[in-house]
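Here's the structure we're looking at; comments come further down.
Please treat every number below as a calculation from the coordinates, not as lab data. None of the values given here were measured: they were computed from a predicted structure. Reconstructed Cβ throughout: ideal geometry from the backbone, glycine too, with neighbour counts over all protein chains shown.
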Number of protein chains: 2
Amino acid sequence: MKISGGVEWSLHCCVVLSQAEDPVPTARLAELHGVSKSYLAKHLQSLARAGLVRPTEGRDGGYVLTRAPADITVLDVVQAVDGAGPAFRCTEIRQQGLLAAPPEQCTAPCGIAKVMADAERSWRDSLSAVTIADLAATLDLAALKQTLQTSY
Amino acid sequence: MKISGGVEWSLHCCVVLSQAEDPVPTARLAELHGVSKSYLAKHLQSLARAGLVRPTEGRDGGYVLTRAPADITVLDVVQAVDGAGPAFRCTEIRQQGLLAAPPEQCTAPCGIAKVMADAERSWRDSLSAVTIADLAATLDLAALKQTLQTSY
DNA sequence: TAAACTCGGATATGACTTATCCGAGTAAAG
DNA sequence: CTTTACTCGGATAAGTCATATCCGAGTTTA
């Protein structure tokens, strides 16, 4: 089980965007966090496709959050970057091989698939209980905003 | 987020082993489930390395569970096959770039890392609440044992 | 003693994540 | 109105990890 590395970058960017009033371009977000601009751009595109951020083109353009920070959960960001599909995909092994179960017993989901799905649900519930606003609240916002206004 | 495909095979195998009294070889487990023998062997090795199953070599050899089915959780199997490391790895972005936080504020874990770790904990708790015995209880054990005794 | 069957690690293949670049389009400034 | 500079977006390589397979070392049985 593994989570895409871009998730961490994207979450940090969302926190920064929640404190910025003006659009923030990709290059600026990259130097703020000390990461590759080219690669960060790819993840920001994922956020844009998911409708979490809105791009502004041209001079003085950049990204802005589309919703209030309290209305964007960590799960929203994770799914936008890492995909929303289930981590475990049941291939219906119980219907294959010598001990294939008869189809009439396969109306209910496989017991193994059910356990994995329940676990993923718990995982998602935990992530959706925290918002970008909650994450921002744990930081020194005064210092952050001051750095944001530092000359380019 | 994605889970190795071998996890499904391994869980089904553990359920079968919980109902078998004699060692079951890899080739037999493969034909019972209709999957590749060569590839299944690799995952069974992972289970053996984790100490969940014990191999018996030579003629009439095979694999046997090392513990009672009620003492082996789904989490044990998942971690044996897919690795036990955390899915999210914090790279301490907060200490890099223009808005690097001073080290004295970084004694506690990053807020983002904490959220992700909590979610993974929920996931693991769900998986560790179910055992191989629980999974077996949802099946038609009489039919399964009969198939197990079918001639090779 | 010999034979057959078992697991174990070492070895190719393929898919996916990672990482990067340049062009199309847009808003602002002169 | 023209020019300029800056923005995002998709298309494009490299690297890494999971997938899939094979043959040899060792052991039990007959």
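Assorted remarks:
- Unmet criterion (only one of (1) within 11 Å of chain B (Cβ to nearest Cβ); (2) more than 15 Å from DNA strand C (Cβ to nearest atom); (3) under 11 Å from the mean Cα position of the chain (by Cα)) for residue A:95: (3)
- Residue ID - surrounded by the most Cβ atoms within 10 Å (Cβ to Cβ), chosen from residues in region B:140-150 that are in contact with a helix residue (DSSP H, G or I) (Cβ under 9 Å, 6 or more places away or on another chain), within 9 Å of another protein chain (Cβ to nearest Cβ) and not aliphatic (A, V, I, L, M): B:147
- Count of region A:66-88 residues, restricted to those that are surrounded by 15 or more Cβ atoms within 10 Å (Cβ to Cβ) and within 22 Å of residue B:114 (Cβ to Cβ), is 13.
- When we screen A:137, A:84, A:101, A:108 for residues that are in contact with a Lys or Arg (Cβ under 6 Å, 6 or more places away or on another chain), within 13 Å of chain B (Cβ to nearest Cβ) and without any contact (Cβ under 8 Å) to a residue 12 or more places away in the chain, the only hit is A:101.
- Candidate set from region B:26-59 (those that are touching a Ser or Thr at 6+ places or on another chain (Cβ under 7 Å), more than 9 Å from DNA strand C (Cβ to nearest atom) and more than 18 Å from residue A:95 (Cα to Cα)); member that is nearest to the other protein chains (Cβ to nearest Cβ): B:43
- So residue B:38, is it within 8 Å of DNA strand D (Cβ to nearest atom), free of Cβ contacts under 8 Å to residues at least 60 places away in the same chain and not aliphatic (A, V, I, L, M): yes
- In region A:1-35, of all residues being part of a loop (DSSP other than H, G, I, E, B) and near DNA strand D (Cβ under 10 Å from one of its atoms), the one that is nearest to the chain's Cα centre (by Cα) corresponds to A:1.
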